[in-house]
1. Any residue in the range 93-107 that is touching a His at 6+ places or on another chain (Cβ under 7 Å) and at pLDDT 95 or above?
2. Quick check on the range 63-85: of everything there that is surrounded by 13 or more Cβ atoms within 10 Å (Cβ to Cβ) and among the polar types (S, T, N, Q), which residue is nearest to Arg128 (Cα to Cα)?
3. Of all the residues that make up the range 19-47, how many are in contact (Cβ under 8 Å) with a residue 60 or more places away in the chain, among the hydrophobic types (A, V, I, L, M, F, W, C) and either within 19 Å of Pro117 (Cα to Cα) or not in a helix (DSSP H, G or I) (or both)?
4. Pick out the one residue from Ala46, Ala89, Ala15 that is surrounded by 14 or more Cβ atoms within 10 Å (Cβ to Cβ) and touching a Leu at 6+ places or on another chain (Cβ under 6 Å).
5. Does any residue of the range 111-123 turn out to be acidic (Asp, Glu), part of a helix (DSSP H, G or I) and under 30 Å from Ala24 (Cβ atoms)?
6. What's the number of the condition Val10 fails, among (1) over 29 Å from Tyr154 (Cβ atoms); (2) part of a helix (DSSP H, G or I); (3) of a type in the set (A, V, I, L, M)?
7. Of the residues Leu91, Leu126, Leu79, Leu130, which single one is farther than 20 Å from Gln19 by Cα and in contact with a helix residue (DSSP H, G or I) (Cβ under 7 Å, 6 or more places away or on another chain)?
8. In the range 134-156, what count of residues is obtained for those that are in a helix (DSSP H, G or I) and either closer than 19 Å to Val100 by Cα or hydroxyl-bearing (Ser, Thr, Tyr) (or both)?
Amino acid sequence: MRILTYPDAVLRAKAEPIQNIDEAIQKLVDNMCKTMYSSMGIGLAANQVGELKRILIYDVTQTKAGPNPSVLINPEIILTEGDIVQEEACLSVIDFSADVRRKERIKVRGVDKDGNPLDIEAEGLLARCLQHEIDHLNGVLYIDHISTLKRALYNKRLKKIMKRAASSKGKKM
C-alpha cells in the first residue's frame, strides 16, 4: 500500500466508523501491518493509506521477538490526564519532526480485529502513538498542534522539496 503524504486531502477527511468487521476489513488490517513495518513506523491509521475507515494499527514494542501488531477499530479517547511535550514525526509528513503537546496518560475504548471490546490505559510512547493515530482518523495531523510559524516554515520547505522532485522527474523522461 502507498502511504499518502501531506497535503493530500484524504488526510484531512474524517474516517467513518466500521459497522461490520468482515474479510475486507481483515485484509485491510493485514495490508496496513505490512505497510507500517516496511515503512519503519510504529503506528498507521487507515486514512494514511487512503481508506476512510476508523482503523489504526500500532506496535510500539518492536522487540527482537519480532512484530507484535495491535489493531484498534472505532477508537475513542474517553479519559485524559496530564500534559507532556515531546518530539513527533509522521509517515505522512515527510522530512519533518517537531515538539508536540499531548496528554500524558489516556484511556481509549474500541474493539479489536475480532470485534472484542477493548479498553486501553496508556502512557508514554503508547499514549502518544494512540493520540497521533486517532488524530489521523479525525482528519488532524500532528503539524496542526504546532505553532503557525513552524507550520508555515514547513510548508515553505515542503514546496521546495516537491518542486525539486517534480524537476528531477522531468529530467528523467
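The values are calculated or read from the model by the stated rules, or taken from the named source; none is laboratory data. All values derive from a computational prediction rather than experimental measurement. Reconstructed Cβ throughout: ideal geometry from the backbone, glycine too, with neighbour counts over all protein chains shown.
1. yes
2. Thr80
3. Number of matching residues: 6.
4. Criteria check complete, one pass: Ala15.
5. The answer is no; no qualifying residue exists.
6. (1) is the only condition that Val10 fails.
7. Matching residue, one of Leu91, Leu126, Leu79, Leu130: Leu91.
8. The number of residues fulfilling the criteria is 16.
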